[in-house]
Amino acid sequence: QAKAQGRNTLCFFDPAMQAAASARSALEGDIRQGIARNEFLLHYQPVVDATGHPLGAEALVRWQHPQRGMVSPADFIPLAEQTGLILSLGRQVLALACRQLARWATAPATAAWTLAVNVSAQEFRQSDFVEQVLAALRDSAANPRLLKLELTESLLLHDVEDSILKMQALRTLGVGFSLDDFGTGYSSLSYLKRLPLDQLKIDQSFVRDVLTDPNDAAIACTIITLAHSLGLDVVAEGVETEGQRAFLLSNGCRQFQGYLFGRPGPAELL
Ligand code: C2E
Ligand code: MG
Ligand code: MG
Ligand code: MG
């Protein structure tokens with residue numbers, strides 16, 4: 001028994017685990033403080049049409065950390081989601097995005113630009129999510145028709161009926177919905193048909209090797225055909241080369257996003 005307890009104790013006090021746990025709680029405190037100090041900002045990546053003309057952008061959150069510099073979402077979104085901090089961060093993101101939309105509306109060259117905002121599952125599941133989006137739109141006087149919310153398959157399928165109700169409520173005001181990273185989740189085609197979506201985004205993992213991997217090419221083409229059959233727009237993500245663009249274009253894709261057209265950056269540089 002002492003041996004068994006010893007093993008448990010050893011496991012509990014594993015120094016590597018302890019170090020990881022304290023690093024996580026330090027980062028959690030840091031994120032909390034960063035939110036309070038408005039250290040989070042948005043970068044914007046253009047979404048372009050078949051001729052390379054910008055149709056709008058996707059907002060991608062960045063953390064301007066006082067010591068660590070610009071931190072990318074992969075380094076803080078997962079912990080923000082686990083700790084619930086994503087809820088206040090998400091509200092800041094929505095407010096910043098709607099203010100940017102309102103700013104674009106004041107200049108003729110950018111007045112028709114749409115802005116896509118990523119939404120985490122926890123944010124979407126809040127009972128007052130619809131009201132939060134409406135409040136951000138109202139406070140900024142942004143045009144709801146130019147706002148797109150990017151959701152994922154697993155988020156939507158968690159509670160399909162609730163998802164549909166929330167989407168319908170926002171759609172009556174003109175807010176659009178895009179299914180992000182399409183093809184990487186548990187695609188259920190019967191649900192896809194029922195969800196009031198506007199757009200599918202082909203995940204960049206299928207775009208990367210679209211010219212060399214016949215399976216990726218087949219998947220990308222199938223997603224384009226599926227989107228069109230369902231009356232949805234389709235956007236290819238992660239387009240880095242002219243060859244990828246040409247292949248996707250010749251297979252019916254009409255909207256593109258990726259380093260070939262522009263990296264995410266401050267709104268002034270778009
Ligand atoms: P995502 O929504 O799928 O965004 C696309 C990611 O691909 C972005 O990474 C973007 O910088 C990157 N990307 C764009 N073009 C290319 C390309 O040509 N090649 C390659 N290799 N990558 C490209 P980023 O900005 O690091 O964001 C990562 C993920 O973090 C996003 O994936 C999204 O899931 C999440 N995220 C970003 N901003 C927010 C936010 O405001 N709220 C929430 N909840 N999640 C966010
Ligand atoms: Mg996205
Ligand atoms: Mg994506
Ligand atoms: Mg992603």
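Please indicate, with yes or no, whether at least one residue in segment 40-57 is within 16 Å of ligand 4 (Cβ to nearest atom) and closer than 19 Å to residue 84 by Cβ. There is no residue in segment 40-57 that is within 16 Å of ligand 4 (Cβ to nearest atom) and closer than 19 Å to residue 84 by Cβ.
The set of residues in segment 58-103 that are of a type in the set (Phe, Trp, Tyr) and over 27 Å from residue 200 (Cα atoms) contains only 63.
Being within 16 Å of the chain's Cα centre (by Cα) and within 16 Å of ligand 3 (Cβ to nearest atom), is that true of even one residue in segment 207-228? No, segment 207-228 has no match at all. Taking the listed residues 203, 209, the one that is surrounded by fewer than 18 Cβ atoms within 10 Å (Cβ to Cβ) and within 16 Å of ligand 1 (Cβ to nearest atom) is 209, with no other qualifying. With respect to (1) of a type in the set (A, V, I, L, M, F, W, C); (2) at pLDDT below 95; (3) out of contact with any strand residue (DSSP E or B) (no Cβ under 6 Å at 6 or more places or on another chain), the lone exception for residue 182 is condition (3). State yes or no: is residue 136 of a type in the set (A, V, I, L, M), outside any helix (DSSP H, G or I), away from ligand 3 (no atom under 16 Å from the Cβ) and more than 15 Å from the chain's Cα centre (by Cα)? No.
Of the candidates 249, 197, 230, 226, the single residue that is touching a residue at least 60 places away in the same chain (Cβ under 8 Å) and of a type in the set (A, V, I, L, M) is 249. When restricted to residues that are within 15 Å of ligand 1 (Cβ to nearest atom), among the β-branched types (Val, Ile, Thr) and more than 22 Å from residue 78 (Cβ to Cβ), segment 43-66 contains 2. Among the residues of segment 99-125, those that are of a type in the set (A, V, I, L, M) and either surrounded by 16 or more Cβ atoms within 10 Å (Cβ to Cβ) or assigned to a helix (DSSP H, G or I) (or both) comprise 101, 102, 105, 115, 116, 117, 119, 121. Looking across segment 43-60 at every residue that is in a strand (DSSP E or B) and of a type outside the set (A, V, I, L, M, F, W, C), the one that is farthest from ligand 3 (Cβ to nearest atom) is identified as 54. Scoring residue 154 on the criteria (1) surrounded by fewer than 15 Cβ atoms within 10 Å (Cβ to Cβ); (2) more than 18 Å from the chain's Cα centre (by Cα); (3) within 16 Å of ligand 4 (Cβ to nearest atom) leaves a single failure, condition (2).
The values are calculated or read from the model by the stated rules, or taken from the named source; none is laboratory data. Keep in mind that what you see is a predicted model, and the values were worked out from it rather than measured. Backbone-built Cβ (ideal geometry, glycine too); neighbour counts: all protein chains shown.
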